[in-house]
Each structure stands twice: as C-alpha cells, then as structure tokens.
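The values are calculated or read from the model by the stated rules, or taken from the named source; none is laboratory data. Note that the coordinates shown come from a computational prediction; the quantities given were computed from them, not determined experimentally. No Cβ is skipped: glycine too gets one built from the backbone with ideal geometry, and neighbour counts run over all protein chains shown. For the accessible areas, the whole protein counts, side chains as well, though only heavy atoms, and no ligand, DNA or RNA atoms are used. Shrake-Rupley method; radii C 1.70, N 1.55, O 1.52, S 1.80 Å.
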Amino acid sequence: MYLGEYPATTLKQAREETLRLKAELEKGNDPRIVKKLEKKANIEVITVNGLLKN
C-alpha cells in the first residue's frame with residue numbers, strides 16, 4: 001500500500017499512517033477502501049467559491 005514518498009512523507013508520518021490503517025483493518029475495514037473514501041471526501045469538500053456560486 002502506498003503511504004507517500006520520501007522526503008514529502010517522513011518516516012514518522014508513514015508509521016502513524018500504518019498504525020491508523022492497521023486499526024481500520026482490525027475493525028474489519030479494508031484500508032484501501034478507507035483511503036479511497038477519505039480521498040473522495042476531501043475532493044467533495046465544499047469550497048468558499050462553490051458556496052458563493054450557489
């Protein structure tokens with residue numbers, strides 16, 4: 001699983017992400033799907049510009 005590229009992602013960040021995704025796995029969630037859903041949620045965040053257009 002891709003966690004990031006060094007030096008943009010530090011070893012500490014990669015370890016923290018690994019622990020977070022391991023916890024998701026222990027809950028019975030697929031870490032790949034969790035990351036995809038998080039990415040999708042970040043893309044769908046309403047921006048100020050989007051609010052002004054509506």
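What percentage of the solvent-accessible surface of the chain, computed with a 1.4 Å probe over protein heavy atoms, is contributed by carbon and sulfur atoms?
With neighbouring chains kept in place, the figure for the chain is 59 percent.
Counting only heavy atoms of protein chains, what accessible area per residue, in Å², does the chain have with a probe of 1.4 Å?
Solvent-accessible surface per residue comes out at 93 Å².
Report the residue, chosen from 22, 36, 12, that carries the largest GNM mean-square fluctuation when the chain is represented by alpha-carbon nodes joined by springs under 10 Å.
Checking each option, the largest mean-square fluctuation is seen for 12.
Quick one: what are the phi-derived ³J(HN,Hα) couplings along segment 7-23, Karplus 6.51/-1.76/1.60 with θ = phi - 60°, whole Hz, x for glycine and proline?
Calculated HN-Hα couplings, in order: x, 4, 10, 7, 4, 4, 5, 5, 5, 4, 5, 4, 5, 5, 6, 5, 5 Hz.
Can you compute the equivalent ellipsoid semi-axes for the chain, i.e. the square root of 5 times each eigenvalue of the Cα gyration tensor, sorted largest first and rounded to whole Å?
In descending order, the three semi-axes are 28, 17, 8 Å.
Report, to the nearest 10°, how far helix 31-43 tilts away from the longest principal axis of the Cα atoms in the chain, using its own Cα long axis and a range of 0 to 90°.
That helix lies at roughly 20 degrees to the long axis.
Report the full-extension gain for the segment residue 27 to residue 3: residue separation times 0.36 nm, less the Cα-Cα distance, to one decimal in nm.
Net length gain for the segment: 6.7 nm.
What is the sum of charges, Lys and Arg at +1 and Asp and Glu at -1, for the other residues whose Cβ falls under 14 Å from the Cβ of residue 34?
Charge balance near residue 34 sits at +3.
Based on DSSP loop calls and a cut-off of at most 13 other Cβ atoms within 10 Å, the longest stretch of the chain free of exposed GluC sites (Glu not before Pro) is what?
Here the longest run is 6-43.
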